[in-house]
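Right, one structure below, let's go through it.
The values are calculated or read from the model by the stated rules, or taken from the named source; none is laboratory data. From a predicted model like this one, the values you see are computed outputs, not experimental measurements. For neighbour counting, all protein chains shown are included, and Cβ atoms are generated from backbone atoms with ideal geometry for every residue, glycine included.
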Amino acid sequence: MKMNITQKILTDHLIEGELVAGREIAIRIDQTLTQDATGTMAFLQFESMGLDRVRNELALSYVDHNTIQVGPENADDHEYLRTAAARYGAVFSMPGNGICHQLHLERFGAPGKTLLGADSHTPTGGGLGMLAIGAGGLDVAVAMGGGAFHLAAPRVCLVRLEGKLPEWVSAKDVILKVLQTLSTRGNVGVVLEYGGRGVAALDVPERATITNMGAECGVTTSVFPSDAVTKRFLEAQGRGGVWRELLADEGAGYDKVLEIDLSKLEPLAAAPHSPGNVVSVSSIAGTKVHQVCIGSCTNSSYRDLATVARVLEGRHVAPGVSLGLAPGSRQVLQMLASSGGLGALLGAGARLYENACGFCIGNSASPGTNGVSVRTSNRNFEGRSGTPSAKVYLTSPETAAVAALKGEFADPRGCGLPYPAVKTPSEFDVDDTMFVFPPADGRGVAVRRGPNIGTVPGGEPLPAALEGEVAIKVGDRITTDHIMPAGQRLKYRSNIEKYSTFVFEGVDAGFAARAAANKAKGVHNVIVAGDSYGQGSSREHAAMCPMHLGVKAVVARSIERIHKANLINFGIVPFTFENGDDCSRVEAGAAVRIDGLREAVKTGKAVMEAEGGPSIHLRVELSAREADILLAGGLLRSIASGVK
C-alpha cells in the first residue's frame, strides 16, 4: 500500500483501531512536552496517578509562559516543576532558556517521532517531519505515564507547493495564504501534509513557521517531509544522528489537495481580530503603527531575527513606534550577539524582551489604548494582547521590520531597501547548560510545593438527568482566552479554586459567582454557544474551571477538537445542536432539562427542554471510550475505575 507521511507515522505508532478517517485510534507517544502555564497541573495530575517515573521515551518540562514574576506564585510553580521533573524523570528547561517549540525544534525533535504537547502550537515539530499534536495537560500526563493517545484517524490534505518565494515574501505569508483559503473553521480531524517541488526551497525554520500557525486552521497537525534540508539542519545542531528520510510514497493518496504557487504570493497580514482575517499588506498600506513585536514561537528563529537585523542595520525605528524583540532561545540570542545582529537591533532602537512567550500571551508589552500593534505571533484575538481596544495585525518579520521603520504599514517590496537574504547557518551555537537532566533515580528528590499549589480537582459521575440553567450564552468563535483569561491571571493556574473566579471574566464578569451559586443550590450549569466554541489555546483550565463551577454541559453549533477532548476529560458533555438554528431559541437564564442524560451519552442523541420554548434536539459524537469517561465523571475518575 502506498502511504503518505501521516499514514506512515501513524502506522508505526498504532496501538488500537484502523486508519479509517473519523474512527477512533490509539497511538504510542514517543515524546511529551509541557510548559509552565499547563505543566503545573499536568504534573499534579501525573502525581495523582501514583506512578513512580515517567514511562514515555522523553518528557520535557519547559518554563516559557509565566517568566514575569510579580508576587511569589510563578517562582513557586517553577520550583515545583523543577523538583517534580527531577523526581519523576523529565528534562527541565529553566526560565530564560527559551520558548518550548523553538527549543524542541533545535534540541530534541526527531523525524518520524510522535510528540504530544500541552500547548496548541506543538505542531511546530512537524517542520522536522514529526507527528506533533497539541492536547490538554491531562492527555499529556497520561502519555507521560506510558498511556496511549486517542484521536480520530485524520483525513489528510496535501498542500502542494510549487515555485519559489519572491523577495520580501516569507513562510509567514505561506501559512497566511493557507488560512485565507481554508479559514479557521471546518478543518477538525484534518492533517495538512506539505509536499511538491516548492518544499525543497524552504528551510526548517520556515517549515516550522508554517506548521506552527497551521494550528489556527483548527487541524490536528501539519507535517513536512524529512529530506536533505532536514538533515542539514539537524547536522548543524549537532544532532545528525537522529535524522531519517521520511517521504510520501509516489502515488500516495490524499483526501484533498490544495495547490499553492509560492512564486505568486505577496506579503499578507491577518487583520483584527482573527488569524483568518487575511488581507494583502498593500491594501492596508499607510495605516499608522504604534507598536511592533517580533518573536513568539512562530517567528523567533535565528533566521527570523537575523533578517530583521539586516533590515534595521544603520537605520532607526520611526518616532512614536515601540519595537520589541523576543528571541526564541538562548541559542538565537547568543548567535545574534556573536554575529553583530544584536548590536544592529539595539542600535535601531529595539527593546530586548526575554526569551519567552511574553507579548504573545498578553502578560507583557500590551499596546496603548486603541493602539495598532504589528506582531509576528500567531493569534490576534480581541483583547489577547492585554489591551481590549488594541488592533493587532499578524505579519512576517520582514513586513513588521519595515512597518517599524516607516511608522506605518508599507509593502516591503516597494520600500527601497535591499532584500535581506539570510541563510541557515552550517553550524549553530549549542549550549545545553540550562536544560536540567533528571537523576537516574529520583526517589530521593523532595518535590517542593508553594502555597499557590492546589489539588487536582475531582469530578463526579454523570447524573441521570440534567436539571439546570443556561448560565451564559455566547456567540461564535469563543476562544479559550475568552473562557479562561491568560495574561496576569495565569499565575493562578495551579490553584483551581482561585482561577475559577475568573471564568468568562472579560465576557460576563458575573458568570463565576452566578455559576457557583447555582452549584451550591444543586442546579446544573449549561453553556450555550455558536460556532467554533473553544478555539485557540489547548488550555485545559477552560474545561477544568467550568467543571469546578458545576458546568455539566456545553451546547454549541460546533466545538473545536482540543477543547472538546478537554471537556470530555473533565466530565462536561459536549453537545451540538442537531439544527444549528435552534441556538437562537435558547436564552441565557433559561431553565433547561435533559432527561436520560447518561443514556444520551451512550446513544449520541438527546432532547433538551427549555423553559418557555420548544423541545430542542441535540447530538453528541463520542467513541465508546469517551462515553465511558463522561459517565465516570472525567478521565482521572475513569482511570481510577480501570477505564483507559
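So the values come out like this:
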| read-out | value |
| --- | --- |
| Considering residues of the range 180-216 that are hydrophobic (A, V, I, L, M, F, W, C) and surrounded by fewer than 22 Cβ atoms within 10 Å (Cβ to Cβ) only, the residue nearest to residue 563 (Cα to Cα) | 188 |
| Selection status of residue 287, modelled with pLDDT of 95 or more, in contact with a helix residue (DSSP H, G or I) (Cβ under 6 Å, 6 or more places away or on another chain) and polar (S, T, N, Q) | no |
| First in the range 379-393 and without any contact (Cβ under 8 Å) to a residue 24 or more places away in the chain, second anywhere and among the small types (Gly, Ala, Ser) and not in a strand (DSSP E or B), Cβ under 6 Å, 6 or more apart | 387/366 |
| Residue 127 touching a Phe, Trp or Tyr at 6+ places or on another chain (Cβ under 7 Å) and crowded, with 24+ Cβ neighbours inside 10 Å | yes |
| Inter-residue pairs, beta-carbon under 8 Å, first touching a residue at least 12 places away in the same chain (Cβ under 8 Å) and in the range 327-347, second of a type in the set (Lys, Arg), 6+ apart | 341/310; 344/310 |
| Failed item, numbered, when residue 295 is tested on (1) farther than 30 Å from residue 320 by Cβ; (2) touching a Phe, Trp or Tyr at 6+ places or on another chain (Cβ under 9 Å) | (1) |
| Any chance residue 67 is part of a helix (DSSP H, G or I) and either in contact with a helix residue (DSSP H, G or I) (Cβ under 6 Å, 6 or more places away or on another chain) or assigned by TED's automatic domain parsing to the domain that holds residue 191 (or both) | no |
| In the range 480-538, residue nearest to residue 578 (Cα to Cα) [restricted to those that are at pLDDT 95 or above, among the basic types (Lys, Arg) and out of contact with any Leu (no Cβ under 7 Å at 6 or more places or on another chain)] | 514 |
| Top-ranked residue of the range 1-51 - restricted to ones that are at positive phi and in contact (Cβ under 8 Å) with a residue 60 or more places away in the chain, ranked as surrounded by the fewest Cβ atoms within 10 Å (Cβ to Cβ) | 22 |
| Matching residues, the range 75-110, being of a type in the set (Phe, Trp, Tyr) and in a loop (DSSP other than H, G, I, E, B) | 108 |
| Test: residue in the range 613-628 that is farther than 23 Å from residue 220 by Cβ and in a loop (DSSP other than H, G, I, E, B) | yes |
| Residue match in the range 84-106 (condition: surrounded by 24 or more Cβ atoms within 10 Å (Cβ to Cβ), modelled with pLDDT under 95 and within 16 Å of the chain's Cα centre (by Cα)) | no |
| Residue check, residue 574 in the same structural domain as residue 514 (by TED's automatic domain parsing), at negative phi and touching a strand residue (DSSP E or B) at 6+ places or on another chain (Cβ under 7 Å) | yes |
| Within the range 144-160, considering residues that are closer than 21 Å to residue 253 by Cβ and out of contact with any Phe, Trp or Tyr (no Cβ under 6 Å at 6 or more places or on another chain), the one surrounded by the most Cβ atoms within 10 Å (Cβ to Cβ) | 154 |
| Qualifying positions in the range 586-607 - more than 33 Å from the chain's Cα centre (by Cα) and either more than 16 Å from residue 472 (Cβ to Cβ) or among the charged types (D, E, K, R) (or both) | 593, 594, 595, 596, 599, 607 |
| Any hit, the range 147-163, residues being at pLDDT 95 or above, assigned to a loop (DSSP other than H, G, I, E, B) and under 18 Å from residue 45 (Cβ atoms) | yes |
| Residue check, residue 169 assigned to a loop (DSSP other than H, G, I, E, B) and either aliphatic (A, V, I, L, M) or surrounded by fewer than 19 Cβ atoms within 10 Å (Cβ to Cβ) (or both) | yes |
| Single residue of the range 194-218 satisfying the filter (of a type in the set (Asp, Glu) and assigned to a helix (DSSP H, G or I)) that is modelled with the lowest pLDDT | 216 |
| Qualifying residue in the range 25-32 (condition: touching a Phe, Trp or Tyr at 6+ places or on another chain (Cβ under 9 Å), of a type outside the set (Val, Ile, Thr) and closer than 27 Å to residue 435 by Cβ) | yes |
| Residue satisfying all of: in the range 497-517; over 22 Å from residue 591 (Cβ atoms), without any contact (Cβ under 8 Å) to a residue 60 or more places away in the chain and not polar (S, T, N, Q); surrounded by the most Cβ atoms within 10 Å (Cβ to Cβ) among these | 499 |
| Wholly within the range 219-296, strands (runs of 3 or more DSSP E) carrying at least 3 residues that are surrounded by 15 or more Cβ atoms within 10 Å (Cβ to Cβ) and touching a residue at least 12 places away in the same chain (Cβ under 8 Å) | 221-223, 268-270, 291-294 |
| Subset tally (residues that are touching an Asp or Glu at 6+ places or on another chain (Cβ under 8 Å) and assigned to a loop (DSSP other than H, G, I, E, B)) for the range 475-494 | 5 |
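Here is a yes/no grid of residues against (1) in contact with a Phe, Trp or Tyr (Cβ under 8 Å, 6 or more places away or on another chain); (2) of a type outside the set (Asp, Glu); (3) more than 28 Å from residue 78 (Cα to Cα):
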position: 376; (1), (2), (3): no, yes, no
position: 384; (1), (2), (3): no, yes, no
position: 398; (1), (2), (3): yes, no, yes
position: 406; (1), (2), (3): no, yes, yes
position: 420; (1), (2), (3): no, yes, yes
position: 425; (1), (2), (3): yes, yes, yes
position: 436; (1), (2), (3): yes, yes, no
position: 440; (1), (2), (3): no, yes, no
